[in-house]
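**Student:** One structure follows; several queries about it will come next.
The values are calculated or read from the model by the stated rules, or taken from the named source; none is laboratory data. Owing to the predicted nature of the structure, the values given are computational and were not obtained by experimental measurement. Neighbour counts run over all protein chains shown; Cβ positions are idealised from the backbone, glycine included.
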């Protein structure tokens, strides 16, 4: 009998799903995979001149450790390669194998509960308004000395939302049985507490 227990956490950029996912994984002793890093790593390879499908098929765990995966150019490249069906297919088994590991796993991304792990024990959809998410991203970028204006960041957030929600392959949306956590008016601690409560009730 397997001890696999999968928590699927989806949501748009800068909603807080990564922070919630890491905290949940630490709380319950689960392994954690930020699946967005897979697409960022592919996007970084594309920016370096590699064809998208080849980049996805050749991806290794080492590629996820690169220091340059958090830049805005890589984020935009990741969003563009994520609409490609062959790229998504190439990364599917990597994610499912991670989710099936013994001891529990938390995966966060855009289509974990709907496509990657539709049978996950827990499905959460972490969201917030575009304006709140843009403000968070703008403050994060300002703290790192990146000079985009708030209006530009908001435009980027909305453009990425449109790409993620309108793509043919695995569009961003809550799974029918997902618990939605809107963090627009929440602190990090409140969002984490709500996620932990949902998981603890199921455990």
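**Student:** Can you tell me how many residues in the range 143-157 are in contact with a helix residue (DSSP H, G or I) (Cβ under 9 Å, 6 or more places away or on another chain) and either exposed (fewer than 14 other Cβ atoms within 10 Å of the Cβ) or free of Cβ contacts under 8 Å to residues at least 24 places away in the same chain (or both)?
**Tutor:** So the answer is 8.
**Student:** Give me the helices (runs of 4 or more DSSP H) completely within the range 13-96, filtered to those with at least 1 residues that are surrounded by fewer than 21 Cβ atoms within 10 Å (Cβ to Cβ) and touching a strand residue (DSSP E or B) at 6+ places or on another chain (Cβ under 7 Å), ordered by residue number.
**Tutor:** Answer list for the range 13-96: 17-28, 36-47.
**Student:** Hey, does the range 148-165 have a residue that's in a loop (DSSP other than H, G, I, E, B) and touching a strand residue (DSSP E or B) at 6+ places or on another chain (Cβ under 7 Å)?
**Tutor:** no
**Student:** Can you find, within the range 117-137, the residue that is nearest to residue 21 (Cα to Cα) among those that are modelled with pLDDT of 95 or more and assigned to a helix (DSSP H, G or I)?
**Tutor:** The extreme case among them is 133.
**Student:** Of all the residues that make up the range 170-203, how many are surrounded by fewer than 15 Cβ atoms within 10 Å (Cβ to Cβ), touching a helix residue (DSSP H, G or I) at 6+ places or on another chain (Cβ under 9 Å) and closer than 26 Å to residue 39 by Cα?
**Tutor:** So the count comes out to 4.
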